[in-house]
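Every number in this text was worked out from the coordinates using simple rules, so none of it is lab data. Note that this is a predicted model, so its numbers are computed, not measured. Glycine gets a Cβ as well: all are built from the backbone with ideal geometry, and neighbour counts include every protein chain shown.
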Amino acid sequence: MEKKDIYILAIESSCDETAAAVVKNGREVLSNVISSQIELHTIYGGVVPEIASRKHIEKINQVIEQALEEASVDFEKIDAIAVTYGPGLVGALLVGVSAAKALAFALNKPLIGVHHIEGHISANYIENRELKPPFLCLVVSGGHSHLVQVKDYGEYEIIGRTRDDAAGEAFDKVARAIGLGYPGGPKIDKLSKEGNPEAIHFPRAKVGESEYDFSFSGLKSSVLNYINGCQMKNQPICPADVAASFQKAVIDVLVDHSMQAVKEYGVKQFAIAGGVASNGHLRQAVKEGCEKNHVEFYYPSPIYCTDNAAMIGCAAYYEFIKGNFHDYDLNAVPNLKLGERV
């Protein structure tokens with residue numbers, strides 16, 4: 001008997017992107033619609049949760065309709081509805097979860113709740129058809145810095161995490177301090193190309209009792225202290241040098257921990273994911289580290305690094321084939337842990 005194709009309509013609304021996608025058989029993206037709120041939040045220097053939630057309500061139906069239209073499918077052809085239910089901003093998550101539950105109920109389709117970080121990891125499957133667990137994945141975004149052992153589809157172990165600021169959060173704060181504004185990651189990446197990464201030595205923190213954990217709070221404070229010190233002494237500040245030196249300090253730590261884990265766990269595949277994974281300098285540094293350690297390196301295109309629904313549809317497919325569905329009491333879980341099923 002010919003195997004039936006599986007079509008999943010996925011929804012993502014965990015922060016400031018309202019997104020919907022149609023994914024076929026887990027790895028073929030038929031549509032990936034993203035309505036970004038970056039311009040809306042830029043004037044505030046960061047995401048305002050209440051504004052984000054209201055904008056999601058305005059856009060959610062539009063992006064779902066557009067995703068179906070671009071994929072040339074209708075609700076009849078959809079086999080399941082998937083949605084991010086955590087972690088993230090609770091109000092923002094609730095918009096997506098409510099829409100997904102309403103659709104699943106009205107259409108009598110299975111409902112699949114997906115962990116946001118699992119979605120980011122799964123983004124690597126979309127363009128890398130040969131990639132299969134087990135592998136290690138470095139997840140770096142505005143809210144998370146995780147080093148994850150991907151044991152199987154849907155089976156994860158976090159072997160390293162940030163103790164304070166996430167890498168993306170540190171990028172945003174440093175960008176604000178040197179006058180670049182929000183969002184900080186892409187702006188620092190761009191400016192750093194004009195600077196000298198060896199101009200200023202910033203600290204590389206190690207967490208004593210856990211060799212794979214990260215800490216970026218001290219680095220952020222060191223950058224702010226450097227800027228304040230220069231201003232007090234009336235010394236010139238070169239923003240490009242500050243950006244390049246700060247970025248190198250972050251990347252050195254991320255790559256060092258990652259390659260150490262590659263050796264200890266003996267993996268042959270390493271991936272990166274999350275918003276900061278689109279950083280050109282980070283990609284190059286990880287690529288060089290993987291080549292040195294004879295490990296295959298995988299990464300998503302920038303469109304799949306940012307928050308998107310295609311990655312949620314990809315992750316949901318592997319839950320679908322296992323028969324792991326949610327009931328209509330599915331709720332937003334803003335602090336949902338990776339591997340936890342609520």
Just the Cα atoms of region 133-300, one point each, no solvent: what log10 I(q)/I(0) does Debye give at q = 0.11, 0.17 Å⁻¹? -0.43, -0.97
Mean separation of Cα contacts under 8 Å (at least 6 apart) over the residue count of region 1-149, i.e. the relative contact order in percent, is 24 percent
Calculate the length of the line joining the C-alpha centroid of region 292-313 to that of region 179-214, in whole Å. 21 Å
Length released on extending from S221 to E58, taking residue separation times 0.36 nm less the Cα-Cα span: 54.8 nm
Considering only DSSP states other than H, G, I, E and B, which chymotrypsin sites (Phe, Trp or Tyr not before Pro) in region 69-164 qualify as loop sites with at most 13 other Cβ atoms within 10 Å? none
Between I237 and I51, what is 0.36 nm times their sequence separation minus the Cα-Cα distance? Round to one decimal in nm. 63.5 nm
Over its Cα atoms, what ratio of radius of gyration to 2.2 N^0.38 Å does the chain give? 1.01
Exposure proxy ranking, count of Cβ atoms within 10 Å, fewest first, for V286, V83, V29: V29, V286, V83
Counting only backbone N atoms under 17 Å from a point 7 Å out along Cα-to-Cβ of Q260, the residues of region 187-225 in range are 203-219
Using DSSP to call loops (not H, G, I, E or B), can you name the trypsin sites (Lys or Arg not before Pro) in region 1-110 whose Cβ has at most 16 other Cβ atoms within 10 angstrom? K3, K4
List the aspartates and glutamates whose Cα lies under 20 Å from the Cα of K59, skipping any in the same chain that are fewer than 8 positions away. E12, D16, E17, E39, E50, E69, E70, D74, D307
Could you give the DSSP H helices of the chain that reach 20 angstrom or more along their long axis (alpha carbon positions) and whose average Kyte-Doolittle hydropathy is no lower than 1.6? 90-107
Could you list S222, S278 in order of exposure, starting from the residue whose Cβ has the fewest other Cβ atoms within 10 Å? S222, S278
When only Cα pairs under 8 Å and 6 or more residues apart are kept, what is the percent relative contact order across region 133-300? 26 percent
Within the chain, what's the longest run with no GluC sites (Glu not before Pro) in a DSSP loop and at most 14 other beta-carbon atoms within 10 Å? Give the range, please. 212-339
Given a Förster distance of 25 Å, the FRET efficiency implied by the Cβ-Cβ spacing of Q66 and D152, rounded to the nearest 0.05, works out to 0.15
Put +1 on the Cβ of every Lys and Arg and -1 on every Asp and Glu Cβ in region 133-300; which of I251, N196, G160 then has its Cα farthest towards the positive end of the dipole? N196
Testing the spin-label approximation: label points 7 Å from Cα along Cα→Cβ at E198 and N25. State their distance in nm. 5.1 nm
R163 to K287: extension gain in nm, 0.36 nm per residue of separation minus the Cα-Cα distance? 42.1 nm
If R0 is 22 Å, what FRET efficiency do you get for K190 and T42 from their C-beta distance, rounded to 0.05? 0.90
Of K220/K292; K4/K77; K206/K268; K187/K248; K268/K292; K151/K292, which sit over 20 Å apart, Cα to Cα? K220/K292; K206/K268; K151/K292
